[in-house]
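Each remark here refers to the structure printed beneath this line.
The values are calculated or read from the model by the stated rules, or taken from the named source; none is laboratory data. None of these values were measured; they are calculated from a predicted model. Positions of Cβ are backbone-derived with ideal geometry, glycine not excepted, and every protein chain shown enters the neighbour counts. The accessibility values were calculated without ligands, DNA or RNA, using every heavy atom of the protein model including side chains. Shrake-Rupley method; radii C 1.70, N 1.55, O 1.52, S 1.80 Å.
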Amino acid sequence: MAGAIIENMSTKKLCIVGGILLVFQVIAFLVGGLIAPSPTTAVPYTSVKCIDVRKNHHKTKWLMPWGPNHCEKLKDFDEAVSRQIEANDIVFAVHIPLPSKEMSPWFQFMLFIMQLDIAFKMDNDLKENAEITLDVSLAYRDDMFDDWEEIAHAIEIRKLKCTFGSPKTLESEGRHYDCDFLPFMEIGSVAHKYYLINIRLPVNERKGINVGIGEIKDIRLVGIHQNGGFTKVWFAMKTFLTPSILIIMVWYWRRITLMTRAPVLLEKVIFALGISMTFINIPVEWFSIGFDWTWMLLFGDIRQGIFYAMLLSFWIIFCGEHMMDQNERNRLSGYWKQVGPIAVGSFCLFIFDMCERGVQLKNPFYSIWTTEVGTELAMAFIIVAGICLCLYFLFLCFMVFQVFRNISGKQSSLPAMSKARRLHYEGLIFRFKFLMLITLACAAMTVIFFIVSQVTEGHWKWGDITIQVNSAFFTGIYGMWNLYVFALMFLYAPSHKNYGEDQSNGDLGVNSGEELQLTTTITHVDGPTEVYKLARKEAQE
């Protein structure tokens, strides 16, 4: 009777908690879909061909494509040939943003990709596996009349991957190659109002620099930055969720410290998962509005990596701690085979990120994919991480299968158990199934919304209402994993309820006033609990 009452109360509480969390989940999606604009904006830029015929011109002043002090322009390369202007004296200039606009710290980052307009010419054909050498410089200023201040200068090499759809004959001269986009630049902050890019294509026939790259007609850039409106909504969500998770963490750990036993492994892992979620939530991005913190993208990747590594570790330990008759529990060392691939994969992805975004802190034009060695190294890290992920999921699927097999065996023998043992197993089974359902729902929603955001146009329009699908994906999934961690700490916080004089001195066999813990594992570092001792004794009898 008592077991049925407890189970009914638990079911009712879980339904109430599940309903509340569902409401907050819907709100998280609606905030992104109805309030926030699209996450990013892509702006096309066409470079202006400027003339710079002075000696050592690579060390001279910056060339502006427009404005009061704009450079001397070339209409096209035919004009350069007629005026006997050499390729080394031509500078491709791009001003960011477009005229009459300003950049803002709310844009958070800038990512640029390059597209080359290359025409076919019989006497200047594009060689196979051709490489283009770029002499690039980046500068900034915050007033239209200030001098430009250099941010970075580098000489970069990019591989050209182009196809030509027509026969290479005289009749095809002037037609353009179809070339892949090239990675150009990435900056982790937008702290200034105006930026200027100067690109030179130095030619040295003796060294084979920029020889056999075809006839370049234009250089186009596409700049991608985060929308300021989305940034404000994102910051607001972080600011709201940070105290929410902190409060439940304090409450959860306080419930654990009030116990007469030491915390068990599962409780520690859940608390660590809460810490990693809080690490993501803390809105340090607010400081990027006033400071030029170019490392914020790298820092964000590290925070996400820590959370996902902790989440994957939690799933393994959660399943392992619910293998009810397993003796090797409550010790982290018992999970080294399963947690090892997570650590190796996370380390590989961290090294890959440091080789890419870590180097970009000094050289924003750098890309690990532009060289053979860099590409092979990056692919090696990604492949190793992928193998580790596959091994992890094999371990996880095997452990989930074992847990459900144990559950099936225990459910058939529950009626013959003593009340204390039956209540313990009923609590474990009920919470395990409930959490597995939530976990599968969260994983499925993440995959579904990611696919939808990739295959749709970015927004849905129903009458006068426009839903930003990509924004809803970001805010909804971010809110969902926060709610997942919140639910974990709420459901697995130790219970301090007293089951009464008659139960304590009757079937349970424990003293009146002692706490009966049914929500977590039944062993801890100081030895088994009273309930476990009793259950083992009765099982032996």
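The solvent-accessible area of Ile302, taken with every protein chain present and a 1.4 Å probe, is close to 60 Å². Could you look at region 213-293 and say what percent of its accessible area is carbon and sulfur, using a 1.4 Å probe and all protein chains? C and S fraction of accessible area: 72 percent.
Once the C-beta distance of Ser172 and Thr371 is scaled by a Förster radius of 22 Å, the resulting FRET efficiency is 0.10 to the nearest 0.05.
Taking every eigenvalue of the Cα gyration tensor of region 361-426, multiplying by 5 and rooting it, what semi-axes result, largest first, whole Å?
So the equivalent ellipsoid measures 53, 14, 5 Å along its semi-axes.
Per-residue packing, averaged as other Cβ atoms within 10 Å, sorts the ranges 127-137, 85-95 into the order 85-95, 127-137, beginning with the highest. Output the pairs from Lys101/Lys161; Lys73/Lys168; Lys161/Lys207 with a Cα-Cα distance over 25 Å in this structure; if there are none, say none. Long pairs (Cα-Cα over 25 Å): Lys101/Lys161; Lys73/Lys168.
Compactness of region 42-226, taken as the C-alpha radius of gyration over 2.2 N^0.38 Å, stands at 1.06.
In the neighborhood of Phe314, defined by Cβ-to-Cβ distances under 12 Å, what is the net charge if each Lys or Arg adds +1 and each Asp or Glu adds -1? Mind showing how you got there, number by number?
On the way: positive: Lys268; negative: Glu267, Glu321.
So the environment of Phe314 carries a net charge of -1.
Between Val447 and Ile224, the simple spin-label model (points 7 angstrom out along Cα→Cβ) gives 2.4 nm.
Given a 1.4 Å probe and heavy atoms of the protein chains only, how would you sort Leu258, Leu396, Leu221, largest accessible area at the top? Don't jump to the answer; show the numbers that get you there.
Values: Leu258 90, Leu396 20, Leu221 0 Å².
My answer, sorted largest first, is Leu258, Leu396, Leu221.
Taking every protein chain into account, the 1.4 Å probe leaves Thr257 with about 80 Å² of accessible area, to the nearest ten.
Subtract the Cα-Cα distance of Ser333 and Lys127 from 0.36 nm times their separation in residues, and report this length gain in nm to one decimal. Provide the component values of the computation, followed by the final result.
Values: separation 206, 0.36 × 206 = 74.16 nm, distance 5.69 nm.
Once the chain is fully extended between Ser333 and Lys127, it gains 68.5 nm.
Each residue, Ile35 and Phe299, gets one label point 7 Å from its Cα in the Cβ direction; the gap between the two is 2.4 nm.
With the whole protein complex present, Arg405 retains an accessible surface near 140 Å², based on a 1.4 Å probe. Given axes a ≥ b ≥ c from the Cα gyration tensor, I'd like to know whether region 284-388 is rounded (a/c under 1.5), prolate (a/b larger than b/c) or oblate. Note, shape of region 284-388 comes out oblate.
Modelled this way, with points 7 Å down the Cα-to-C-beta line, the labels at Ala380 and Thr239 are 4.6 nm from one another.
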